[in-house]
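Engineer: Sharing a structure, written as structure tokens. Questions coming.
Derivation of every value follows stated rules applied to the coordinates shown; laboratory data play no part. Since this is a predicted model, take the numbers as computed values, not measurements. All Cβ positions, even for glycine, are placed from backbone atoms using ideal geometry, and neighbour counts span all protein chains on display.
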Amino acid sequence: EKGGYEHFMLKEIHEQPKAVRDTLSGRIAEDGSAVTLGELDLSEEVVRSIDRIHIVACGTSYHAGLVGKVAIETLARIPVDVEIASEYRYRNPIVTDRTLILVISQSGETADTLAALRNAKMAGNRVMAITNVVGSSAAREADHVLVTWAGPEISVASTKAYTTQLIALYLFAAYLGQIKGTIASDERAKLMNAILELPLKIDEVLKTAPAIETIARDFSSWDDAFFLGRGLDFAVALEGALKYKEISYIHAEAYPAGELKHGTLALITEGVPVIALVTQDELYEKTVSNIKEVKARDAHVLALAWVGDEEIEKSVDRVLYVPHTLPFLAPVLLVAPLQLLAYYASIARGNDVDKPRNLAKSVTVE
Ligand code: F6R
């Protein structure tokens with residue numbers, strides 16, 4: 001049942017190219033010119049009326065939402081707020097008939113996310129769900145549904161579900177932009193081509209697993225790890241840190257790189273592992289200068305950077321390279337190395353990878 005892999009998590013990490021292909025299937029026109037999401041049942045008139053989106057989710061799905069915000073704001077110029085469901089449901093958010101509430105839930109059964117969905121429905125608001133389970137409560141109760149085709153995810157730690165949520169969000173953002181006329185058609189074609197190339201590039205990334213295993217073994221003797229990045233790199237850093245703490249039980253924190261000097265830098269000591277994500281070209285110099293700050297405190301820095309970025313080697317101890325794509329799509333390629341880092345750190349510590357202590361796959365209680 002684990003298809004020759006030692007754990008479901010490892011199997012599911014390796015299923016990501018296929019999961020992405022399946023999630024893209026039938027949703028991009030043959031000539032790569034347009035996104036087709038008829039299944040959403042969202043009329044052009046409604047799309048044009050949406051002036052704000054509230055993305056609501058928990059855990060890893062929330063982290064996907066953070067990437068979704070950038071995707072939607074960039075491609076469709078609609079302001080997006082992303083909120084943790086257990087917070088959102090207990091406050092009194094400002095919602096109008098032009099607000100779309102977008103819940104993201106792999107299982108479609110997470111109690112807090114469902115409560116947020118139901119509150120919104122009860123108030124007469126429009127709700128859309130991105131979910132991996134076709135017959136789930138979220139899928140049944142939302143007005144509009146976009147399914148991720150990750151296939152069943154057994155491991156408690158979410159991997160391929162996150163990656164397909166990203167794909168669904170990029171497609172949705174492009175779809176909105178296409179209707180609203182906020183992306184030029186040549187830009188859209190460029191984006192679609194880049195998205196279609198992602199499965200092969202994830203395959204490339206997965207080939208670096210042996211190198212990641214070595215690094216993870218070294219890092220696993222430390223009781224802390226810090227994940228840094230700016231912009232989309234920070235959004236993925238959050239997911240990398242969650243995965244790391246969840247299955248290796250090592251304290252991990254993600255910070256926007258520029259925020260370090262506002263307090264966290266005090267925690268950086270000699271040898272402590274710092275994982276720095278540097279794929280956002282416009283922010284490159286800024287992140288490198290933050291890397292120098294942690295290096296000055298003798299941290300051990302692993303960078304995740306674009307293939308060909310030899311410059312970065314001067315500032316860090318080790319580099320994991322990912323194949324080049326649009327910086328906007330980087331999260332899809334960055335997350336697999338971080339999942340593998342967490343996986344191998346967990347193995348090195350002798351943990352039960354697929355069933356980490358204290359956690360359940362589907363959090364159906366509050
Ligand atoms: C972390 C993880 C959790 C889930 C969260 C939401 O690896 O799996 O953080 O992402 O419990 O679950 P769903 O997406 O089913 O609502």
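Engineer: Please compute the net charge surrounding Glu141, taking Lys and Arg as +1 and Asp and Glu as -1 over other residues with Cβ under 12 Å from its Cβ. All intermediate terms of the calculation are to be shown ahead of the outcome.
Structural biologist: Working: positive: Arg118, Lys121, Arg140; negative: Glu109, Asp143.
Net local charge, Glu141 excluded: +1.
Engineer: Explain nothing, just the number: relative contact order of the chain, from Cα pairs under 8 Å at least 6 residues apart, as a whole percent.
Structural biologist: Working: 724 pairs, mean separation 72.2, N = 366.
Worked out over the chain, it gives 20 percent.
Engineer: For the cross-link pairs Lys207/Lys243; Lys292/Lys355; Lys11/Lys292; Lys243/Lys292, which exceed 28 Å when the distance is taken from alpha carbon to alpha carbon?
Structural biologist: Working: Lys207/Lys243 20 Å; Lys292/Lys355 37 Å; Lys11/Lys292 36 Å; Lys243/Lys292 26 Å.
Beyond 28 Å between Cα atoms: Lys292/Lys355; Lys11/Lys292.
Engineer: Just the Cα atoms of the chain, one point each, no solvent: what log10 I(q)/I(0) does Debye give at q = 0.07, 0.09, 0.10, 0.11 Å⁻¹?
Structural biologist: So the normalised log intensities work out to -0.29, -0.48, -0.60, -0.73.
Engineer: On to the next question. What GluC sites (Glu not before Pro) does the stretch 1-57 have in DSSP loop regions with at most 15 other beta carbons within 10 Å?
Structural biologist: Of the GluC sites (Glu not before Pro), the ones in loops of the stretch 1-57 whose Cβ has at most 15 other Cβ atoms within 10 Å are Glu1, Glu6, Glu30.
Engineer: Something else: Once every DSSP H run of n ≥ 4 in the chain is given -39500 (n - 2.57) and the sum is divided by its residues, what mean residue ellipticity at 222 nm do you get, rounded to the nearest 500 deg cm²/dmol? Don't skip to the end; give the middle numbers.
Structural biologist: On the way: 14 runs with 163 residues, N = 366.
Only helices count here, giving -13500 deg cm²/dmol.
Engineer: Relative contact order (percent) for the stretch 73-225, with alpha-carbon contacts under 8 angstrom and 6 or more residues of separation? Working shown, then result.
Structural biologist: Numbers: 155 pairs, mean separation 30.3, N = 153.
After rounding, I find 20 percent.
Engineer: Moving on to the next point. Taking the Cβ of Pro337 as the centre, find all other residues whose Cβ is under 14 Å away and add up their charges (Lys, Arg: +1; Asp, Glu: -1). Intermediate values should be presented prior to the final figure.
Structural biologist: Working: positive: Lys201, Lys207, Lys243, Arg318; negative: Asp203, Glu204, Glu213, Asp233, Glu239.
With Lys, Arg at +1 and Asp, Glu at -1, the net is -1.
Engineer: Do any trypsin sites (Lys or Arg not before Pro) in the stretch 1-84 lie in a loop, going by DSSP, with at most 14 other beta-carbon atoms within 10 Å of their beta carbon, and if so which? Please report the intermediate quantities before stating the final value.
Structural biologist: Details: sites: Lys2, Lys11, Lys18, Arg21, Arg27, Arg48, Arg52, Lys69, Arg77; in loops: Lys2, Arg27, Arg77.
Passing sites in the stretch 1-84 are Lys2, Arg77.
Engineer: Pick from Thr264, Thr60, Thr23 the residue whose mean-square fluctuation is largest in a GNM of the chain, springs joining Cα atoms under 10 Å.
Structural biologist: The residue that fluctuates most here is Thr264.
Engineer: Based on a Kirkwood Rh over C-alpha pairs, give the Stokes-Einstein translational diffusion coefficient of the stretch 304-357 at 4 °C and viscosity 1.567 mPa s in µm²/s.
Structural biologist: Details: Rh = 13.0 Å.
Answer from the Stokes-Einstein relation: 100 µm²/s.
Engineer: Report the trypsin sites (Lys or Arg not before Pro) located in the stretch 95-127 that are in a DSSP loop and have at most 15 other Cβ atoms inside 10 Å of their Cβ, or state none.
Structural biologist: Answer in residue order: Arg98.
Engineer: Could you tell me whether the stretch 236-366 comes out rounded, prolate or oblate from its Cα gyration tensor? Rule is a ≥ b ≥ c as square roots of the eigenvalues, rounded for a/c under 1.5, then prolate if a/b exceeds b/c, otherwise oblate. Could you put the intermediate results ahead of the total?
Structural biologist: On the way: a/c = 1.83, a/b = 1.45, b/c = 1.26.
Prolate, since a/c reaches 1.5 and a/b exceeds b/c.
Engineer: Moving to a separate point now. Roughly how far apart, in whole Å, are the Cα centres of the stretch 18-97 and the stretch 130-147?
Structural biologist: The two parts, judged by their Cα centres, are 13 Å apart.
Engineer: So, counting K/R as plus one and D/E as minus one, what does the shell of residues with Cβ under 10 Å around Leu176 add up to? Spell out each step's value before the answer.
Structural biologist: Values: positive: Arg48, Arg77, Lys180; negative: none.
Within the 10 Å Cβ shell, the charges total +3.
Engineer: Next question. Suppose a student asked you for the relative contact order of the stretch 226-295, using Cα pairs under 8 Å spaced at least 6 residues apart; what percent would you report?
Structural biologist: Details: 88 pairs, mean separation 29.0, N = 70.
Contact order relative to length: 41 percent.
Engineer: For the chain, set up a GNM with springs between Cα atoms under 10 Å and report which of Glu311, Glu270, Glu83 has the largest fluctuation.
Structural biologist: Most flexible of the set in this elastic network: Glu311.
Engineer: Same structure, new question: Can you return the aspartates and glutamates within cross-link range of Lys2? Criterion is Cα-Cα under 13 Å, with same-chain partners fewer than 8 residues away left out.
Structural biologist: Excluding near neighbours in sequence, the set is Glu12, Glu15, Glu153, Asp354.
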